[in-house]
Amino acid sequence: MRKPVPLQLVLAMALSPLIAGFLGGTLVSFGLSFQLLPDFTVLETLRTGLVMSFFAVIIAVFVCYTFGVPVMLAGWAAAHFARLRKPHQMGLVMAVAGLIFAIGFFFNGRIFLEDFQTGSDTALLVTLPAGLAAGYVAGWFVGQLGYAPTAPEETASSGEA
């Protein structure tokens, strides 16, 4: 069982949208730039993805702080109260929250569908795994920084009631 460390947990929760936005924005921009491969070389495609990722990260961090925080808080609360506080457990719960955010933001909000009417499958194949990965890394970070292992003397032994 891991116990929360209040100040570190607040810091981790404050930084987790930054981490999720940075990773999600980078993955989405590089993933969408691979649509250029039939017309350009691999190096030109990667260069385009790098330039796109600079702007995508700025936008994604802003979006994660403004729209993603409620979803991240719900994912954290589900993991916290279900006592899934180890980094990989928190990461898995937050990965589901990242997937829910990606579905809700990108597809119900029709941000990408208007731009990719004919190629929305590419947007789907890029944004959903990016949401999963960004959520997992942000959750892992919260679980690692915000919680500490419980010392053996702090836990009740199985013989005591």
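For this structure, a couple of remarks:
- Candidates are the residues of region 130-154 that are open to solvent by 70 Å² or more (accessible area, probe 1.4 Å) and part of a helix (DSSP H, G or I); the one that is farthest from PRO17 (Cα to Cα) is GLU153.
- Test: PHE34 is at pLDDT below 90, open to solvent by 50 Å² or more (accessible area, probe 1.4 Å), among the aromatic types (Phe, Trp, Tyr) and not in a helix (DSSP H, G or I): no
- Filter result for ALA14 (out of contact with any helix residue (DSSP H, G or I) (no Cβ under 8 Å at 6 or more places or on another chain) and either open to solvent by 60 Å² or more (accessible area, probe 1.4 Å) or over 18 Å from ALA130 (Cβ atoms) (or both)): yes
- If you check ILE19, ILE59 for being open to solvent by less than 50 Å² (accessible area, probe 1.4 Å), under 15 Å from the mean Cα position of the chain (by Cα) and aliphatic (A, V, I, L, M), only one passes: ILE19.
- Filtered residues of region 130-152 (kept if modelled with pLDDT under 95, over 14 Å from GLY24 (Cβ atoms) and among the aliphatic types (A, V, I, L, M)): ALA148, ALA151
- When region 109-129 is filtered for residues that are of a type outside the set (S, T, N, Q), open to solvent by less than 40 Å² (accessible area, probe 1.4 Å) and at pLDDT 70 or above, the ones remaining, listed by number, are ALA123, VAL126, LEU128.
- Exactly one residue among GLY49, GLY75 is out of contact with any Pro (no Cβ under 9 Å at 6 or more places or on another chain), free of Cβ contacts under 8 Å to residues at least 24 places away in the same chain and not aliphatic (A, V, I, L, M), and that residue is GLY49.
The values are calculated or read from the model by the stated rules, or taken from the named source; none is laboratory data. All values reported here derive from a predicted model rather than from experimental measurement. Positions of Cβ are backbone-derived with ideal geometry, glycine not excepted, and every protein chain shown enters the neighbour counts. Heads up: the accessible areas ignore ligands, DNA and RNA and are worked out on the full protein's heavy atoms, side chains in. Shrake-Rupley method; radii C 1.70, N 1.55, O 1.52, S 1.80 Å.
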